[in-house]
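Below is one structure, written out as structure tokens; comments come after it.
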Amino acid sequence: MRMIGTRSSRRVAVLATILVGFSVANLAAQALPAAEAEAAERLAKSPRHAEWARIEAGAGDSFEAWIVYPERKDKAPVVIVIHEIFGLNDWARAVADQYAAEGFIAVAPDFLSGKAADGKGGSAVLGADGARAAISRLDPEEIYRRLDAAARWATALPSATEAYGAVGFCWGGGISFSWATRQPELGAAVVFYGTSPATATLASVKAPVLGLYGGADARVNATIPEALGELGRLGRRFDVAIYEGAGHAFLRQQAGQAGANMAASVAAWPRSVLFLRELLERRGSLAPDAGAALASLGAASEEDHCPPAEPFVTPASRSAPVTALAGASGIQP
């Protein structure tokens, strides 16, 4: 594992051990989201309650969203799932279902609602090719308005807490990151292989951000360094993992890249779950080992965990992808 040093290098190294060691080893039993080919079947067999809702977004706008509820006796935080450029298809809905399996109320808006030729239909009518074309014509202000409306609607549910985060994929990953520049109440943003926002907008980011990227995705990865540098300068948390050999959309295309996509998925998925739990749940809701470790990190002194911010390298495990990880603040690109 290759580590990028930060102002809190040792703290990040210990947290990386928790994320990789605890998450992958102890959360390995949790299922990955379905790969694209199995998504429809997994949805049909899901034991969780799911339903469509129409959400009012203001300005005369409304949109469809797919909602999946976790099976738990207490209130749950909300995760807004932001689809790829292919629209809200079976795969995106299956991802929402899997986040619900992890204990979150998962809300997956269809950003293509009302974008079909009849002015009513959405992703299901447009199909993959039509969705790609329609995505390019979306008004950014409408996207953010719908995100804000989804968060308001979901956190008002009787079974929801007030905490919410976002996770996006490809196009949706970029939107998840950019929403963090617009919404100060956002509790966490997870970016699966999405581009970073313009550097000038990053000063308004309040939410911790987790970026999960494929090593063979140069187009997207070229946008990481400036965001790392600027958020580090601002003292904001931006955790980054780059999985060697994995391609763009590795979570959907798990069989690709000669095994690298599956290795990335096995590592990245539990990392996203733990990140969201850490930030959206009370610490006591974490599994005991992880909760204790995170609490001890939070209680440790700056002197104990902040050696000089110099890059350091540790050997990569043969069974794990090489990961570049950058931590919370003071990041040196």
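Scanning the range 218-248 for residues that are under 23 Å from Pro140 (Cβ atoms), of a type in the set (D, E, K, R) and in a loop (DSSP other than H, G, I, E, B) turns up just one, Arg236. The set of residues in the range 179-217 that are in a helix (DSSP H, G or I), closer than 23 Å to Arg271 by Cα and of a type outside the set (A, V, I, L, M) contains only Trp179. Every listed requirement among (1) among the charged types (D, E, K, R); (2) touching a residue at least 12 places away in the same chain (Cβ under 8 Å); (3) out of contact with any helix residue (DSSP H, G or I) (no Cβ under 8 Å at 6 or more places or on another chain) is met by Lys45 save one, (2). Here Ala100 meets the list (1) at pLDDT 95 or above; (2) surrounded by fewer than 18 Cβ atoms within 10 Å (Cβ to Cβ); (3) in a helix (DSSP H, G or I) almost entirely, failing just condition (2). Of everything listed in (1) in contact with a Pro (Cβ under 7 Å, 6 or more places away or on another chain); (2) buried (at least 22 other Cβ atoms within 10 Å of the Cβ), the single unmet condition for Tyr193 is (1). If you check Trp153, Trp179 for being within 30 Å of Glu51 (Cα to Cα), more than 17 Å from the chain's Cα centre (by Cα) and at pLDDT 95 or above, only one passes: Trp153. Picking from residues in the range 265-292 that are modelled with pLDDT under 95 and in a helix (DSSP H, G or I), the one that is surrounded by the most Cβ atoms within 10 Å (Cβ to Cβ) is Ala290.
With respect to Gly130, determine if the residue is of a type in the set (Gly, Ala, Ser) and closer than 29 Å to Ala31 by Cβ. Taking the combined requirement at face value, the residue does not satisfy it.
The values are calculated or read from the model by the stated rules, or taken from the named source; none is laboratory data. Quick caveat, the model's predicted, so the values are computed rather than measured. Here the Cβ is made from the backbone with ideal geometry for all residues, glycine too, and neighbour counts use every protein chain on show.
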